Amino acid sequence: MSSTDFILQVSDISLSFKGVKAINQLSFDVRRGEICALIGPNGAGKSSLLNVLNGVYRFDAGSIVFEQQSLRRIDPLSAARRGIGRTFQNNALFKKMSVIDNLLTGLSRHLRSGFLEQALNLPRARREAADFRQQAQGILEFLELQAYRDVPVGNLSYGLQKRVELGRALIAGPRLLLLDEPMAGMNAEEKQDMARFIADINRELGTTVVLIEHDMSVVMGLSDHVVVLDYGRKVGDGTPAEVQANPEVIAAYLGVVH
């Protein structure tokens, strides 16, 4: 298999906080167009890994290659501009702003017009604003949020807020989407909806997805590839079926999958 088949290649990554290893010589590859799930107990290093991948943390050793380019020195802004989108465990939404305005904040880092152009409503700023609103409208329709377009996000149910956050990460058209527990705190129906939208994003938009999820029935039904972490080290890596058959993984993390 050629390296061009992989959108992301993580090699021997290590990350420490005050001498404590959060990630320990971790290696895995993500194929272009797949859904890859990261699983493991709390404290396994999953969120720290996503923070490394989108430039929140700078790793101590190893290498990360995204789209054939090194991610050695990036920050969240440059990661987003390269095509890496991200959601977080806790909603980072503007609760008093409308749904569409929250979506538009996902495009703020892609502004080309300057402050003065926007303040004076000059032609380039008007064109850009119209284009951004068109993109936001497309996301509203894709995620079935049209009915909530002008509703303050704080007035929405938790499940809908998570969908808005997904939309904000999606609006800039990332090639790699990092989802940190997108279904945490949801009821069964909300999880089913979110899983459907993630599958649609992957299948219809061609977006590669790396997600952290604790619900094993969701992971096994949604993912093409599963990486299992324990205290920052990899203990499993393969298809859902291969991971389910791995004795070390079964004993430590999965138990009986219903």
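Within region 86-111, the set of residues being aliphatic (A, V, I, L, M) and either within 16 Å of the chain's Cα centre (by Cα) or at pLDDT below 85 (or both) comprises A92, L93, L103, L107, L111. Checked against the criterion of being on the phi > 0 side of the Ramachandran plot, part of a loop (DSSP other than H, G, I, E, B), exposed (fewer than 14 other Cβ atoms within 10 Å of the Cβ) and modelled with pLDDT of 90 or more, region 72-85 contains not a single residue that satisfies it. The criterion of being assigned by TED's automatic domain parsing to the domain that holds S11, modelled with pLDDT under 90 and small (G, A, S) holds for A252.
Among the residues in region 157-171, are any among the β-branched types (V, I, T), in contact with a Ser or Thr (Cβ under 8 Å, 6 or more places away or on another chain), surrounded by 14 or more Cβ atoms within 10 Å (Cβ to Cβ) and not in a helix (DSSP H, G or I)? No, the conditions are met nowhere in region 157-171. Scanning region 173-185 for residues that are surrounded by fewer than 19 Cβ atoms within 10 Å (Cβ to Cβ) and among the aliphatic types (A, V, I, L, M) gives a single hit, A184. Taking region 7-21 as the range and being assigned to a strand (DSSP E or B), out of contact with any Phe, Trp or Tyr (no Cβ under 7 Å at 6 or more places or on another chain) and small (G, A, S) as the test, the residues that pass are S11, S16. If you filter region 215-249 down to residues that are at pLDDT below 90 and hydroxyl-bearing (S, T, Y), you find that the one that is farthest from V10 (Cα to Cα) is S217. Taken over region 5-35, the residue count meeting the criterion of being basic (K, R) and at pLDDT below 95 is 2. Taking region 217-236 as the range and being under 18 Å from G62 (Cα atoms) and not in a strand (DSSP E or B) as the test, the residues that pass are Y231, G232.
Of the residues making up region 22-63, those that are outside any loop (DSSP other than H, G, I, E, B), touching a Ser or Thr at 6+ places or on another chain (Cβ under 7 Å) and of a type outside the set (S, T, Y) number 10.
The values are calculated or read from the model by the stated rules, or taken from the named source; none is laboratory data. A quick note: this is a predicted structure, and the numbers were derived from the prediction, not measured. Ideal geometry is used to build each Cβ from the backbone, glycine not excepted, and the neighbour counts take in all protein chains shown.
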